[in-house]
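J.: My questions will all concern the structure given below.
Each value in this text was obtained by applying a stated rule to the coordinates, not by laboratory testing. In this text the structure is predicted, and so the values were computed from the model without any measurement. All Cβ positions, even for glycine, are placed from backbone atoms using ideal geometry, and neighbour counts span all protein chains on display.
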């Protein structure tokens, strides 16, 4: 099994950790879809706010659950599984942060932003479906420990990060003077952070432990 976990008396615990992590991906995707429905789909924030907060609460509790399981696992196995424990501790925070950025997107709508009529509404809608699918794909790829597919997703993620940077730069410089400029710039930044955290998760499939979390850096800074 990847990450040094032994399939002996700890196998049930590993299965629980993996199942909980996949549940977090599912809840992250749901929270993201709810948030984007208020920004782009015309849903009223008050109609989805309670469900979004409840979903994010499940993500936070799942993170704590995984950490508890890892502490118990460490106490049972000692130092033998330290690399695996460090990897799970790292990526579970990335998965949790996706829910936080979904709430940030929701907050834009709560504060009055409506992007369904923005000049780049079509592009934002395409990104909504792309990133929603990407959250699910990241969970599947991590569960399968598929390095080839992980590299494909990471390459696509890099393309998205470049696109987000270009769009924000256009808004900051004033090249894009369309309406809702502040909300759109913030939305692109939040979308970028979601993609970056997904890339950090998948870095665990393709790089050594000392290089985890480098995929939210610009490519030229990943040394």
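J.: Which value in nm describes the separation of the simple spin-label points at residue 156 and residue 111, placed 7 Å from the Cα toward the beta carbon?
T.: My value for the distance between the label points is 3.1 nm.
J.: What does the helix-only formula give at 222 nm for the chain: each DSSP H stretch with n ≥ 4 adding -39500 (n - 2.57), the total divided by the residues, and the result rounded to the nearest 500 deg cm²/dmol? If you can, show how the numbers build up before the last one.
T.: Working: 6 runs with 168 residues, N = 223.
The helix-only estimate for the chain comes to -27000 deg cm²/dmol at 222 nm.
J.: On to the next question. Relative to the first principal axis of the alpha-carbon coordinates of the chain, what is the inclination of helix 181-206, with its axis defined by its Cα atoms, in degrees from 0 to 90 and to the nearest 10?
T.: With both axes taken from Cα atoms, the answer is about 20 degrees.
J.: Express in nm, to one decimal, how much length is gained between residue 146 and residue 122 on full extension, taking 0.36 nm for each residue of separation and deducting their alpha carbon distance.
T.: Working: separation 24, 0.36 × 24 = 8.64 nm, distance 3.21 nm.
This chain segment gains 5.4 nm when fully extended.
J.: Which FRET efficiency, nearest 0.05, do residue 165 and residue 74 yield, Cβ-Cβ r, R0 45 Å? Intermediate values should be presented prior to the final figure.
T.: On the way: r = 39 Å, r/R0 = 0.87.
Efficiency at R0 = 45 Å is approximately 0.70.
J.: Below 8 Å between Cα atoms, with a sequence gap of 6+, how large is the relative contact order for the chain in percent? Walk me through the numbers before you get to the answer.
T.: Numbers: 234 pairs, mean separation 57.0, N = 223.
Contact order relative to length: 26 percent.
J.: For the chain, find the longest principal axis of its Cα atoms and tell me its angle to the long axis of helix 11-39, 0 to 90°, nearest 10.
T.: The angle comes out at about 0 degrees.
J.: Under 8 Å for C-alpha pairs, at least 6 residues apart: give me the relative contact order for segment 108-184, rounded to a whole percent.
T.: Values: 21 pairs, mean separation 38.7, N = 77.
Across segment 108-184, relative contact order equals 50 percent.
J.: Compute the angle between helix 121-144 and the longest alpha-carbon principal axis of the chain, please, reported from 0 to 90 degrees and rounded to the nearest 10.
T.: Compared with the principal axis, the helix lies near 0 degrees.
J.: Measuring from label point to label point, each 7 Å out along Cα→Cβ, what is the residue 177 to residue 19 span in nm?
T.: Between residue 177 and residue 19, the label points sit 5.9 nm apart.
J.: Please work out the ratio of the alpha-carbon Rg of segment 2-221 to 2.2 N^0.38 Å and round it to two decimals. Don't skip to the answer; put the middle values down first.
T.: Numbers: Rg = 18.4 Å, N = 220, 2.2 N^0.38 = 17.1 Å.
Ratio of Rg to 2.2 N^0.38 Å for segment 2-221: 1.07.
J.: Let me ask something additional. Please arrange 129, 32 by counting, for each residue, the other beta carbons lying within 10 Å of its beta carbon, fewest first.
T.: 129, 32
J.: Mind ordering 67-76, 109-118, 194-203 by average Cβ neighbours within 10 Å, highest first? Don't jump to the answer; show the numbers that get you there.
T.: Details: 67-76: 14.2, 109-118: 16.0, 194-203: 25.5.
Ranked by mean Cβ neighbours within 10 Å, highest first: 194-203, 109-118, 67-76.
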